[in-house]
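One structure is given here, and the rest of the page talks about it.
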Amino acid sequence: MADAAATADLAAEASEVLQRLLDIMGFDVQVSVRSTDGPVILSVAGDNLGILIGRRGDNLSSLQFMVNLILSKNRRQWPRVVIDVENYRARREESLRSLAERIAYRVGRQGRPFTLEAMSASDRRIIHLALRERSGIETYSIGEGISRRVVVAPKRDEGTEVPRDDDEEYRQYS
């Protein structure tokens with residue numbers, strides 16, 4: 001019961017912090033708590049919020065980081081608060097799953113690996129999860145930091161090494 005109360009307190013505080021930040025930034029929005037199961041999910045609704053989302057959700061991720069940072073100040077652990085603007089995260093996830101399926105079909109047909117563009121850790125995770133049950137296909141990440149990419153490749157035999165960034169095989173298909 002204490003966990004439920006703590007989560008409810010976190011949700012209320014997170015909602016208030018986000019609303020105040022967005023008011024200060026000049027956005028006329030309504031912040032609501034969508035879910036408290038698992039991470040607290042806050043929804044932001046309003047008009048013309050594309051700038052709040054940013055290119056591929058970059059601004060949204062930064063805003064989420066700031067809210068979590070503010071909330072962590074008086075807590076012993078990092079809070080798990082997810083911010084969604086106009087249902088962007090659900091639309092982005094569906095788009096990435098669709099991309100993953102198209103690339104997997106292409107890789108299966110051509111028998112050659114395909115390297116996706118650099119993306120955030122959360123986007124890479126969606127690709128990996130979308131294809132983990134796909135037979136004949138495997139995924140792995142290469143690169144470091146903001147240049148990290150997902151490779152969708154035909155499944156290799158056990159014991160075959162995955163190509164690294166500096167491998168000739170990797171350069172051939174990237």
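Rule-based calculations on the coordinates, nothing more; no lab input. Since the structure is predicted, the reported quantities are computational estimates derived from the model, not experimental observations. Glycine gets a Cβ as well: all are built from the backbone with ideal geometry, and neighbour counts include every protein chain shown.
Kindly write out, for segment 147-154 in residue order, the coupling ³J(HN,Hα) from the Karplus curve 6.51 cos²θ - 1.76 cosθ + 1.60 (θ = phi - 60°), rounded to whole Hz, with x marking Gly and Pro.
9, 5, 10, 9, 10, 9, 9, x
Placing unit charges on C-beta atoms (Lys and Arg positive, Asp and Glu negative, everything else neutral), compute the dipole magnitude of the chain about its Cα centre in debye, rounded to 20.
Dipole of the chain, to the nearest 20 debye: 280 debye.
Identify, among V85, V151, S122, the residue whose Cα sits farthest towards the positive end of the charge dipole of the chain, taking +1 on the Cβ of Lys and Arg and -1 on the Cβ of Asp and Glu, with the dipole about the Cα centre.
My answer, from the dipole projection, is V151.
Taking amide H positions as placed 1.01 Å from N in the peptide plane, with prolines and chain starts having none, which residues 5 or more places from R80, or on another chain, fall under 5 Å of its amide H?
Residues meeting the amide H criterion: V40.
Taking amide H positions as placed in the peptide plane 1.01 Å from N, state which residues far from R148 in sequence (5 or more) or on other chains have amide H under 5 Å from it.
Amide H to amide H, under 5 Å and 5 or more residues apart or across chains, R148 pairs with M119.
Search the structure for amide H atoms under 5 Å from the amide H of S35, placed 1.01 Å from N in the peptide plane, and list their residues when 5 or more places away or on another chain.
I41
Using every alpha carbon pair in the chain, what percent of pairs falls into each 10 Å bin from 0 up to the bin containing the largest distance?
The percentages, shortest bin first, are 9, 31, 26, 20, 12, 2.
Give me the percent of DSSP beta bridges within the chain that run antiparallel, rounded to the nearest 5.
Of the beta bridges lying entirely in the chain, close to 75 percent run antiparallel.
What length, rounded to one decimal in nm, is gained on full extension from D47 through to N74, with 0.36 nm per residue of separation minus their alpha-carbon distance?
6.4 nm
Per residue of segment 82-94, in order, report the coupling 6.51 cos²θ - 1.76 cosθ + 1.60 (Karplus, θ = phi - 60°) as ³J(HN,Hα) in whole Hz, putting x for Gly and Pro.
10, 10, 10, 10, 6, 6, 4, 4, 5, 5, 5, 4, 4
With charges set only on the Cβ (+1 for Lys and Arg, -1 for Asp and Glu), what does the dipole of segment 2-86 come to about its Cα centre, in debye to the nearest 20?
In debye, rounded to 20, segment 2-86 gives about 380.
Quick one: order E93, E133, E13 by neighbouring beta-carbon count within 10 Å, fewest to most.
E133, E93, E13
Rounded to the nearest 500, what is the chain's calculated 222 nm mean residue ellipticity when only DSSP H runs of at least 4 contribute -39500 (n - 2.57) each, over all residues?
My calculation for the chain gives -15000 deg cm²/dmol from helical runs alone.
For segment 1-110, with the dipole built from +1 on Lys and Arg beta-carbon atoms and -1 on Asp and Glu ones, taken about the Cα centre, which of G108, N48, V29 lies farthest toward the positive end?
Farthest along the dipole direction, towards plus: G108.
Under the Karplus relation 6.51 cos²θ - 1.76 cosθ + 1.60, θ = phi - 60°, what is the ordered set of whole-Hz ³J(HN,Hα) values for segment 16-23, x standing for Gly and Pro?
5, 4, 5, 4, 5, 4, 5, 4
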